[in-house]
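Below: the structure, in structure tokens.
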């Protein structure tokens with residue numbers, strides 16, 4: 001089965017022609033979340049049509065367009081449910097009509113973390129499983145859950161998606177979401193610089209010389225023995241450990257897949273989390289399998305076929 | 001529709017003859033979780049038969065026996081999935097066969113927090129809702145979730161049940177479940193005495209004179225101005241607030257129902273949690289309704305009819 005797919009992030013939109021578990025052709029457009037989605041739509045349609053042209057494939061050979069969105073999506077309604085400072089005009093747009101008019105195709109939309117889970121389930125680390133939690137560690141912390149082969153969505157499209165907003169430090173930092181001590185507020189790309197500045201010995205740390213503090217630099221300095229970097233690294237690992245245990249307790253998965261940009265440092269993260277979960281998760285039935293994501297930033301695109309086929313509805 | 005129901009706790013077993021949303025006859029037996037379930041079964045069957053006799057109702061007039069269990073239950077398999085120091089022989093017992101032989105009735109089993117949610121949904125605070133989280137504050141902290149009118153169960157019968165075991169203090173106390181900083185470890189009946197002893201000024205507090213520190217005594221002394229009691233009370237309220245926000249973020253409900261023995265002090269708890277959730281939960285679609293449970297310890301019994309009818313499967 002063939003399909004078109006879009007994975008829309010805050011700064012770029014990946015467009016692809018998919019056949020089952022393979023990306024046949026792909027093209028990435030620069031995008032601007034602050035500028036809204038409406039001005040991007042004609043460029044997306046153009047890019048998708050040129051992919052079809054390159055592949056000498058008529059649109060009618062595709063089962064539809066699967067649209068992965070960096071915000072909450074109302075899958076049943078075929079629209080964006082709510083945004084958070086990216087593409088804020090999107091909830092008002094009739095994307096189904098746009099897709100039918102400009103491509104002649106059926107339109108299905110889903111949140112990007114759920115799409116990444118679908119992709120990893122269909123073509124990556126989660127093949128053969130039916131109960132999966134996905135965690136993406138990046139600028140934010142995303143999540144999604146599949147329970148007994150069904151993608152967890154919930155009444156307002158929020159269920160399973162807010163793994164980064166489970167409070168793991170009830171008296172901690174205020175999060176951008178309004179809650180206190182969320183995983184994101186305590187251990188994510190956006191909160192990392194503040195976390196580092198609060199570490200003891202920051203002023204004399206190598207971290208203080210970094211123009212931009214990233215997890216890659218944090219792990220680098222920590223492995224070189226920088227005390228402040230080690231302190232922040234160890235704290236972040238424990239925060240992610242607590243979050244993983246919380247998600248296992250919440251959703252009862254047999255597998256947790258960890259993805260996101262921070263997993264470039266997987267060697268410093270995955271063994272810690274595997275050990276943490278083995279020691280602290282309450283799973284009398286056996287042991288949860290903890291795996292790194294396999295598909296990188298192609299995961300959400302490769303969720304296209306199972307989304308369009310409703311394999312996990 | 002009529003049904004028999006059992007609600008089995010660690011120290012007693014409530015038995016009832018139910019008709020729709022009413023308890024027609026009821027009888028409570030003393031029980032002993034440490035002694036196992038096998039010796040209790042003949043007494044349960046006797047009590048249920050005598051309820052039928054008193055009501056002049058043949059067993060055949062009942063749709064079945066709904067069994068609410070204080071541990072993890074495998075609903076589909078009709079058996080206890082796992083226990084935690086109460087009725088540890090239960091997973092090995094063939095309860096379906098026992099029920100058919102001794103009562104001639106169909107047998108359905110479910111975890112007690114899920115049964116309480118079913119009861120409140122069918123006959124109490126949750127009527128008309130389809131997306132509900134239930135939290136029970138007591139010796140432990142229990143939970144259950146209904147998502148889009150389906151009871152959340154999960155592959156190993158754990159999903160939704162472990163709301164008391166979401167870590168809300170990643171560097172906190174070790175919980176009986178093996179995790180760190182769980183809601184139960186930081187604010188429940190069993191952890192309360194230890195929490196109080198750790199409070200500043202405990203030695204000179206009225207709490208130190210209590211033979212047994214309960215939440216009822218804690219709230220009493222706190223409202224009288226005892227400093228240590230106020231400190232522990234305020235900390236517990238914040239822990240429960242963080243837990244409620246975490247459960248809202250996890251399951252996307254329109255309503256949270258708070259029950260359990262601690263809610264005898266509801267006037268000191270519910271307004272705080274309502275305000276906390278209104279300020280801190282991330283629900284762009286609107287406001288979650290926070291309600292006290294209405295059915296008290298009858299909730300699990302009144303879940304009998306929806307359980308036997310599979311209304312929330």
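Here are the numbers for the structure shown:
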| read-out | value |
| --- | --- |
| Cα gyration tensor, the stretch B:1-153 - rounded (a/c under 1.5), prolate or oblate | oblate |
| Neighbour-count order for B:69, A:272, fewest beta carbons within 10 angstrom listed first | A:272, B:69 |
| Alpha-carbon radius of gyration plus Dmax, which is the widest Cα pair, for the stretch B:268-313 in Å | 15.1, 39 |
| For B:68, A:205, order by how many other beta-carbon atoms lie within 10 Å, fewest first | A:205, B:68 |
| Gain in span if fully extended, residue A:148 to residue A:297, counting 0.36 nm per residue against the direct Cα distance | 51.1 nm |
| Relative contact order of chain A, pairs being alpha-carbon contacts under 8 Å that are 6 or more residues apart, as % | 20 |
| Copy-to-copy label separations for residue A:286, where each label sits 7 Å from Cα toward Cβ, in nm and ascending | 4.2 |
| Rounded Å value of the spacing that divides the Cα centres of the stretch A:1-76 and the stretch A:230-264 | 30 |
| Per-residue mean of C-beta atoms belonging to partner chains within 10 Å, peptide A:177-189 | 4 |
| Cα gyration tensor shape of the protein assembly as shown, rounded if a/c is under 1.5, else prolate or oblate by comparing a/b with b/c | oblate |
| Per-selection Kirkwood Rh - chain B (Cα, Å, 1 d.p.) | 20.1 |
| Degrees between helix B:227-251 axis and first principal axis of chain B (Cα, 0 to 90, nearest 10) | 50 |
| In degrees, nearest ten, helix B:112-123 long axis to first principal axis of chain B (Cα) | 80 |
| Number of partner chain Cβ atoms within 10 Å, mean per residue of B:237-243 | 4 |
| Euclidean distance of C-alpha centroids, the stretch B:107-137 and the stretch A:148-207, integer Å | 31 |
| Computed [θ] at 222 nm, deg cm²/dmol, chain A (DSSP H ≥ 4; -39,500 (n - 2.57); rounded to nearest 500) | -10000 deg cm²/dmol |
| The stretch A:199-310, Rg to Rh (Cα coordinates; Rh as Kirkwood inverse mean 1/r) | 1.06 |
| Semi-axis lengths (Å, descending) of the ellipsoid that matches the C-alpha gyration tensor of the stretch B:125-257 | 31, 16, 11 |
| Label point distance in nm, residue B:54-residue B:223, each placed 7 Å from Cα along Cα→Cβ | 3.4 |
| Helix axis angle, B:266-280 relative to chain B longest principal axis, alpha carbon, degrees | 70 |
| Beta bridges by DSSP in the stretch B:129-293, antiparallel share as percent, to the nearest 5 | 55 |
| Beta carbon of chain A nearest to the axis of the rotation taking A to B, residue and angstrom distance | A:250, 2 |
| Nm distances between copies for residue B:11, ranked from closest, using label points 7 Å along Cα→Cβ | 6.0 |
| Residue order, fewest to most beta carbons within 10 Å, for B:86, B:27 | B:27, B:86 |
| Rounded to 5, the percent of DSSP beta bridges in chain A classed as antiparallel | 60 |
| For residue A:223, label point 7 Å along C-beta direction: distances to other copies, nm | 5.8 |
| Among A:46, A:286, A:104, residue whose mean-square fluctuation peaks in a GNM of chain A (springs only between Cα atoms under 10 Å) | A:286 |
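Computed from the coordinates by the stated procedures, all read-outs in this text should not be read as laboratory data. Everything numeric here is computed off the predicted structure, so don't read it as measured data. Cβ coordinates were reconstructed from backbone atoms using ideal geometry, including for glycine residues, and neighbour counts include every protein chain displayed.
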